[in-house]
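Shown next, in structure tokens, is the structure this report addresses.
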Amino acid sequence: MKIDRIQRQILAELQKNSRISNQELADRVGLSVSPCWRRVRELEEGGLIRSYVALLDRKKLGLDACLWCQIRLKKHSAAIAEQFESMVAGRPEVVECYELTGESDYLMKVYLPDMDAYTAFMHSFLLKMQDVDVVRTSVTLREIKNETALPI
């Protein structure tokens, strides 16, 4: 879907605050209310806007540990990858997971309360998966930048 300057402005504004009223959004991008509403609907129907969410403060929720797990599988097949991905998709503490090239097959971002919880996660989940060969974990010391807005 090709997007124009106004649509880019709409997307930028909605990334800052998705609860903005249509009137305020229209004012900020220089449109009247109806055309602005139509453009937002087009962006939603075109799949550029996937959903609207509330961003939560993980530390205030007690999720102090942010861990990055590099996973290497013992064997590579579509069935093994599908099974691994299905199991990971069902784990709420895994907030991101990517398939990679290189030494690792997957990279997961995990939020947990503390290192004891990570130890339990490792022993009750990751190490029980028979197709997992190696798990390398990095612990986040400090968060420098964590943005959800895409550069448009």
- State whether the residues of region 11-26 include one that is in a helix (DSSP H, G or I) and of a type in the set (Val, Ile, Thr). no
- Item | Selection count where residues are in a loop (DSSP other than H, G, I, E, B), open to solvent by 70 Å² or more (accessible area, probe 1.4 Å) and not charged (D, E, K, R), scope region 59-99 | 3
- Task: Kindly indicate whether residue 141 is at pLDDT below 95 and part of a loop (DSSP other than H, G, I, E, B).
- Result: no
- Task: Determine which member of the set 4, 27, 105 is closer than 30 Å to residue 140 by Cα and of a type in the set (Asp, Glu).
- Result: 105
- Query: For region 10-21, which residues satisfy the criterion of being of a type outside the set (Asp, Glu) and over 13 Å from residue 48 (Cα atoms)?
  - Reply: 16, 17, 18, 19, 20, 21
- Taking region 10-23 on its own, how many of its residues are surrounded by 12 or more Cβ atoms within 10 Å (Cβ to Cβ) and more than 17 Å from residue 45 (Cβ to Cβ)? 5
- Task: Test each condition in (1) loosely packed, with under 15 Cβ neighbours inside 10 Å; (2) assigned to a helix (DSSP H, G or I) for residue 7 and report the one that comes out false.
- Result: (1)
- Item | Residue in region 112-131 that is most open to solvent (accessible area, probe 1.4 Å), counting only those that are more than 23 Å from residue 82 (Cα to Cα) and either part of a strand (DSSP E or B) or not small (Gly, Ala, Ser) (or both) | 116
- Message: Being loosely packed, with under 14 Cβ neighbours inside 10 Å and over 20 Å from residue 151 (Cβ atoms) is the requirement here; does residue 26 meet it?
- Response: no
- Could you look through region 132-152, keep only residues that are closer than 26 Å to residue 53 by Cα and charged (D, E, K, R), and pick out the one that is most open to solvent (accessible area, probe 1.4 Å)? 142
- Task: For residue 50, state whether it is without any contact (Cβ under 8 Å) to a residue 24 or more places away in the chain and assigned to a helix (DSSP H, G or I).
- Result: no
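The values are calculated or read from the model by the stated rules, or taken from the named source; none is laboratory data. Note that the coordinates shown come from a computational prediction; the quantities given were computed from them, not determined experimentally. All Cβ positions, glycine included, derive from the backbone under ideal geometry; neighbour counts span all protein chains shown. Just the protein is used for accessible areas: all its heavy atoms, side chains included, with ligands, DNA and RNA removed. Shrake-Rupley method; radii C 1.70, N 1.55, O 1.52, S 1.80 Å.
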